[in-house]
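The values are calculated or read from the model by the stated rules, or taken from the named source; none is laboratory data. Predicted, not measured: the structure shown is a model, and the values here were computed from it. Methodologically, a virtual Cβ is constructed for each residue, glycine included, from the backbone with ideal geometry; neighbour enumeration extends over all protein chains shown.
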């Protein structure tokens, strides 16, 4: 089921899933087909036609009366559009601002990603020797497969349910928050794929036959981890959203758990045997930057995007090290920037903000 | 082929059959715990069996762990660690058995110079990992950061186990400080200077400081404290798991949580913990662990004394839970561990009667791991028993045969015949008599060894030794039943035949005397990835007669006649001292003994009546809620989690918890316990059955302490 990432879509029958979170969809799949009715069944089509034949004699002949126009080029229409259509709008709004350069500076290969021509993230290609060293971490983590099997298998797609659990979310009350999570995951996945393509790092099971992954190894490079990128991007966005909601009495606990969840989703991929710890480092760096970019273009001010460079070293990954010891473990802050709001993300952010439950 | 060593390099001159097997490359070493199989460090541990203390020699430096003993008393059994001071780098891999033999030889020579009733005997244990060896061991000192509680504690609970989550919230007092006074991780990452010879000791103030540093991330706390290390086999990263055996047991014994609502531990009951190396649970032999276990007991007693001394108090009430064990051994109270435990309990009770060591009875009632044979079971001068080895068993299998203490074994021999298949070894026999080459020099117990070979490769070892000079044992060790990488030998799986035979002139078994057999456990309860598979005994006359199928009726546990191979007598071989509190398990909903819960020995007298023999359980405690909800709840590794464990390991800490609460409140230790469990209505109500029932449930019943659910 889940390995067929990219072609999503239970969509078609309104109301059932369609937007993110239904396991099994990764990459761009989160939006594809959502609220797209497709065609009717042959019987329904036929029935509609015979009904039309039966009803038209009840109407009067003559020209139709003119209607009123919809707002022109206006996000006020967004609620009218099917979810997958908004998905297209988010993707084009975000990706039109992204560019990248694959660099080779005196033999040091890296990918530099920029956003509206601001340098955002640079990831340095790990050496083959480092990858081999990292395999011992991957083997050690296999000990936790018994504990984490259910999480690993149900997190093959976007693990939206896990975030929803922490924020007490329900589809009826948090439709746009779920859409914001999906949008964030989709943007993160796209950017991660660009970086993975450029850096082209082999998966651990190709380096070390003893890793024996418990899930299918995905068909893209190892570094950075897209799961870590998505999880840290979602964490960054949800931390700001939940704080802005001002709706929980125990916000501190929930944010600590969101952070713990982002770490756990990243590490679970190492437990499964498909990622090195440095992939999680790179993903956490990239995802944090993407999350902040999304907050910026959503018009949420006061969160500058730190310009980060990651040079991988042979370290295990934990959120504690990422937040407390990053500077000694390869993460360098090279500057910061802010960028202006864009219409569709701003619209979505505003809708999500209004979903506070004011507990 | 087993290569002949020079006399001073023969480990079997100084140590027992398990040491010879586990330390010798051509024998069982490639199949031992990974740290041993690869060739361990040069830091060893051992027990000395004999008066006095082991001393330094030019070949060996001795370290005594924190020992508890009253002044002017000498211990019969002393745990110690040692290493070769000449060795430039103790981290280098050594050829085990010969090095150890040379060192022990030198220690023995020194010890023999002193006047003593019996010259000492050694049992070599598993080595200490180099990362765990403390460079500057401050013998006899108090850990510097220990902070005394504001009031004198009323009692102390000790817990010896694996994977102890010492920073867990369940162990905080009402002020938010830890109730864990001292906690020794025997395979922990050593600090430069310490009051323990190896491993890492955490005391209360250090644990509180760690909790302040990491108020909301316990896994990071353990990583930071180096309490988890995937690259150290003996420590491992088990605290990263959802639960561990030790988390469950420590929680049940001493945790405060909503899981244990009715029996909280007050602030004035302190906790002393010891985390054993993973080797202890990994290894399936009856060897290698006593030093760690016994030093753990001494450590708890010693630190408890320091706490009492701080308050200028006599010894405080102390209950130690020790949910560990193995299955083969003498079961007569005369093994090294039984003697040492009895000695500790007796001596401390002179000062403080409320001193208890609580242990589980074991989980082998249905496992066919014990046999008992009297003269009637001989066919002429032959006794035949079958031993079934399962395929794909990746650890060594061990069978111990114990002759009656009073029997003169002249003319007795044991013959092992492999399953009948191509490539199987020829039958191998061993005489039950001393090999004069080994025993002529007064080097410990009389003993003899034979190897079982296939095409020149050793696949097994037979030994006969007069254990501790008092009882003959025949031990058979076989290598795994599956090939392992770079090892071109394996033992055939299938049914092996063990024949005890004797000459016509040999002494026969006295009435009431039995030949006893026990198998060592060969499973992996803590999921350490040993990949062992349990072998079992079969009596040829009654191949189906064991307890895996209940007798006569599907709901009946007690047969009219107890067969030779049965669960009665299959008890934890470590908890056999008279003063140990042995705990069996029962099912809460039905009030019946748990199917697996071990039972004391019973036997039939010539008049057809039944009596018990050997160690018996004293108390039953809940191990399962019901047949369809096995196990009971306790905490998991991190705060706020819970986990289930099935087995008598969880029964013992229930009893320890209730006892220490009673001790702190000055009540009798078994206050609040009920009488023995009723005989289930489905059993025949006769004397034979009642003897069996008592052997299963003991004479007291503990109320449940964990909330059902």
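Scanning the stretch B:645-679 for residues that are without any contact (Cβ under 8 Å) to a residue 40 or more places away in the chain and not in a loop (DSSP other than H, G, I, E, B) returns B:662, B:674, B:675.
Residues checked against (1) at pLDDT 95 or above; (2) in contact with a strand residue (DSSP E or B) (Cβ under 7 Å, 6 or more places away or on another chain); (3) loosely packed, with under 10 Cβ neighbours inside 10 Å:
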{"residue": "A:41", "(1), (2), (3)": "no, no, yes"}
{"residue": "A:53", "(1), (2), (3)": "no, no, yes"}
{"residue": "A:60", "(1), (2), (3)": "no, no, yes"}
{"residue": "A:66", "(1), (2), (3)": "yes, no, yes"}
{"residue": "A:69", "(1), (2), (3)": "yes, no, yes"}
{"residue": "A:72", "(1), (2), (3)": "yes, no, yes"}
{"residue": "A:83", "(1), (2), (3)": "no, no, no"}
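Looking at residue B:591, is it farther than 30 Å from residue B:513 by Cα, surrounded by fewer than 24 Cβ atoms within 10 Å (Cβ to Cβ) and touching a strand residue (DSSP E or B) at 6+ places or on another chain (Cβ under 7 Å)? When the stated conditions are applied, residue B:591 does not pass them. Taken over the stretch B:244-262, residues that are outside any helix (DSSP H, G or I), crowded, with 23+ Cβ neighbours inside 10 Å and away from chain A (no Cβ under 13 Å) amount to 2. Taken together, the residues in the stretch A:164-178 that are out of contact with any helix residue (DSSP H, G or I) (no Cβ under 6 Å at 6 or more places or on another chain), assigned to a helix (DSSP H, G or I) and touching a residue at least 24 places away in the same chain (Cβ under 8 Å) amount to 3. Scan the stretch B:531-540 and give yes if some residue there is farther than 30 Å from residue B:673 by Cα, at pLDDT below 95 and over 28 Å from the mean Cα position of the chain (by Cα), otherwise no. Yes, the stretch B:531-540 contains a residue that is farther than 30 Å from residue B:673 by Cα, at pLDDT below 95 and over 28 Å from the mean Cα position of the chain (by Cα). Taken over the stretch A:266-278, the criterion of being over 16 Å from the mean Cα position of the chain (by Cα), closer than 19 Å to residue A:130 by Cα and away from chain B (no Cβ under 13 Å) is satisfied by A:273, A:274, A:275, A:276, A:278. For the stretch B:166-197, a residue qualifies if it is touching a helix residue (DSSP H, G or I) at 6+ places or on another chain (Cβ under 6 Å), more than 26 Å from residue B:125 (Cβ to Cβ), in a loop (DSSP other than H, G, I, E, B) and touching a residue at least 60 places away in the same chain (Cβ under 8 Å), and exactly one does: B:179.
Could you list, in sequence order, all residues of the stretch A:303-334 that are surrounded by fewer than 13 Cβ atoms within 10 Å (Cβ to Cβ) and assigned to a strand (DSSP E or B)? Matches in the stretch A:303-334: A:333, A:334.
Looking only at the stretch A:127-162, residues that are more than 14 Å from chain B (Cβ to nearest Cβ), part of a helix (DSSP H, G or I) and under 24 Å from residue B:241 (Cβ atoms) come to 4 in all. Of the residues that sit in the stretch A:111-126 and are without any contact (Cβ under 8 Å) to a residue 40 or more places away in the chain and either within 14 Å of another protein chain (Cβ to nearest Cβ) or assigned to a strand (DSSP E or B) (or both), which one is nearest to the chain's Cα centre (by Cα)? Going through the qualifying residues, I end up with A:114. Kindly check whether there is at least one residue in the stretch B:421-432 that is farther than 21 Å from residue B:373 by Cα, at pLDDT 95 or above and in a loop (DSSP other than H, G, I, E, B). Yes, some residue in the stretch B:421-432 is farther than 21 Å from residue B:373 by Cα, at pLDDT 95 or above and in a loop (DSSP other than H, G, I, E, B).
Quick grid of which residues meet (1) in a loop (DSSP other than H, G, I, E, B); (2) at pLDDT below 95; (3) crowded, with 24+ Cβ neighbours inside 10 Å:
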| residue | (1), (2), (3) |
| --- | --- |
| B:341 | no, no, yes |
| B:345 | no, no, no |
| B:353 | yes, no, no |
| B:357 | no, no, yes |
| B:367 | yes, yes, yes |
| B:387 | no, no, no |
| B:398 | no, no, yes |
| B:404 | yes, no, no |
| B:411 | yes, no, no |
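Give the residues of the stretch B:201-243 that are facing chain A (nearest Cβ under 9 Å), within 18 Å of residue A:319 (Cα to Cα) and assigned to a loop (DSSP other than H, G, I, E, B), sorted by residue number. Result: B:214, B:216, B:217, B:237, B:241.
State whether the residues of the stretch B:692-704 include one that is farther than 22 Å from residue B:578 by Cα, in contact with a strand residue (DSSP E or B) (Cβ under 9 Å, 6 or more places away or on another chain) and modelled with pLDDT of 95 or more. Yes, some residue in the stretch B:692-704 is farther than 22 Å from residue B:578 by Cα, in contact with a strand residue (DSSP E or B) (Cβ under 9 Å, 6 or more places away or on another chain) and modelled with pLDDT of 95 or more. Scanning the stretch A:68-92 for residues that are assigned to a loop (DSSP other than H, G, I, E, B), more than 14 Å from residue A:176 (Cα to Cα) and within 20 Å of the chain's Cα centre (by Cα) yields a total of 0. Of all residues in the stretch A:241-265, those being away from chain B (no Cβ under 14 Å) and surrounded by 21 or more Cβ atoms within 10 Å (Cβ to Cβ) number 2.
None of A:242, A:262, A:266 is modelled with pLDDT of 95 or more, assigned to a helix (DSSP H, G or I), in contact with a helix residue (DSSP H, G or I) (Cβ under 8 Å, 6 or more places away or on another chain) and closer than 18 Å to residue A:179 by Cβ except A:242.
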